[in-house]
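J.: Mind looking over this structure? Questions follow.
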Amino acid sequence: MAIKGIIFDLDGTLIDTFDTQLKSWREAFEKVGSTLDTDKFANNFGKSYKDFTFSIDPSLTDLDIDEVIHTNKKLMEKRSDEYLLFPESRKILETLNEKQITCMVASSNPRQVSESLLKQFQIDHLFGKVVGPDNVKNGKPAPDMLNLALDHHKIHPSKSIMVGDTAHDVLAGKRAFTKTALILRREEQQNSVSSEPDYIINNLEELIKFLD
């Protein structure tokens with residue numbers, strides 16, 4: 001069955017923010033007297049901000065969680081010039097648009113942040129619906145964001161692929177009944193393979209093989 005739409009995660013999938021995110025989240029946790037190691041970050045990255053913060057340190061109060069999130073947002077805004085577009089991202093998006101395949105975003109970033117990043121790298125015109133956890137009741141790994149994007153474009157889940165770099169992306173895709181593709185860019189992601197995606201890729205251009 002021909003693919004009509006592809007839903008992309010953003011951080012770690014289209015845009016390289018890993019090191020900047022790790023540095024900023026770590027500083028934010030330190031501000032409330034907590035810590036964050038690389039493995040724990042990698043294993044929980046992709047959740048909504050609140051779920052991520054709670055998963056890292058369940059002992060934090062609601063006020064602490066809000067403080068961590070607020071601090072991280074400010075740090076990430078200051079460091080936005082450190083982000084990099086993965087080398088193949090623009091090319092695959094242009095190719096998909098030429099093939100009239102709708103590209104969407106379902107990111108754990110608030111929608112406004114995702115839209116700002118797309119504009120920063122001048123790829124916003126290549127996307128349809130952009131969804132964040134602030135647009136739905138439940139963030140990933142719940143299917144809410146994917147369902148909203150697909151419903152907006154009237155695309156059946158069976159004719160779509162969810163592409164991401166974490167198990168949370170894969171689980172969201174499975175729960176939305178899409179095909180799923182896990183892109184492996186870092187050694188820390190190996191644990192995500194246990195989520196059993198339909199496809200495992202090392203470069204976004206490999207998606208072309210799965211469109212028909």
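J.: When you scan region 43-57, do you find a residue that is in contact (Cβ under 8 Å) with a residue 24 or more places away in the chain, assigned to a helix (DSSP H, G or I), of a type in the set (Val, Ile, Thr) and over 25 Å from LYS174 (Cβ atoms), even just one?
T.: no
J.: Checking SER114 against (1) under 30 Å from SER160 (Cα atoms); (2) assigned to a helix (DSSP H, G or I); (3) in contact with a helix residue (DSSP H, G or I) (Cβ under 8 Å, 6 or more places away or on another chain), which test does it fail?
T.: Every condition holds for SER114 apart from (3).
J.: For the structure I just gave you, tell me whether LEU126 is under 24 Å from GLU88 (Cα atoms), touching a His at 6+ places or on another chain (Cβ under 9 Å), surrounded by fewer than 23 Cβ atoms within 10 Å (Cβ to Cβ) and not polar (S, T, N, Q).
T.: For LEU126, the condition - under 24 Å from GLU88 (Cα atoms), touching a His at 6+ places or on another chain (Cβ under 9 Å), surrounded by fewer than 23 Cβ atoms within 10 Å (Cβ to Cβ) and not polar (S, T, N, Q) - is not met.
J.: Taking the criterion of being polar (S, T, N, Q) and at pLDDT 95 or above, would at least one residue in region 36-52 satisfy it?
T.: No, because not a single residue in region 36-52 is polar (S, T, N, Q) and at pLDDT 95 or above.
J.: Hey, SER195 hits all of (1) surrounded by 16 or more Cβ atoms within 10 Å (Cβ to Cβ); (2) at pLDDT 95 or above; (3) not charged (D, E, K, R) but one; which does it fall short on?
T.: Single failed check for SER195: (2).
J.: Name every residue in region 58-69 that is free of Cβ contacts under 8 Å to residues at least 24 places away in the same chain and either among the charged types (D, E, K, R) or assigned to a helix (DSSP H, G or I) (or both), in order of residue number.
T.: Once the filter is applied, which keeps residues that are free of Cβ contacts under 8 Å to residues at least 24 places away in the same chain and either among the charged types (D, E, K, R) or assigned to a helix (DSSP H, G or I) (or both), region 58-69 yields ASP62, LEU63, ILE65, ASP66.
J.: Another question, then. Taking SER48 and the conditions (1) under 19 Å from the mean Cα position of the chain (by Cα); (2) polar (S, T, N, Q); (3) over 24 Å from LEU118 (Cβ atoms), which numbered condition does it fall short on, given that it satisfies the others?
T.: (3)
J.: Looking only at region 62-94, which residues are surrounded by fewer than 16 Cβ atoms within 10 Å (Cβ to Cβ), of a type outside the set (A, V, I, L, M, F, W, C) and over 28 Å from LEU126 (Cα atoms)?
T.: Selection gives ASP62, ASP66, HIS70.
J.: Related question: Could you tell me whether LYS137 is surrounded by fewer than 16 Cβ atoms within 10 Å (Cβ to Cβ), among the basic types (Lys, Arg) and within 25 Å of SER192 (Cα to Cα)?
T.: Judged against the criteria, LYS137 is a match.
The values are calculated or read from the model by the stated rules, or taken from the named source; none is laboratory data. These numbers were taken from a predicted model, which means no experiment stands behind them. Cβ coordinates were reconstructed from backbone atoms using ideal geometry, including for glycine residues, and neighbour counts include every protein chain displayed.
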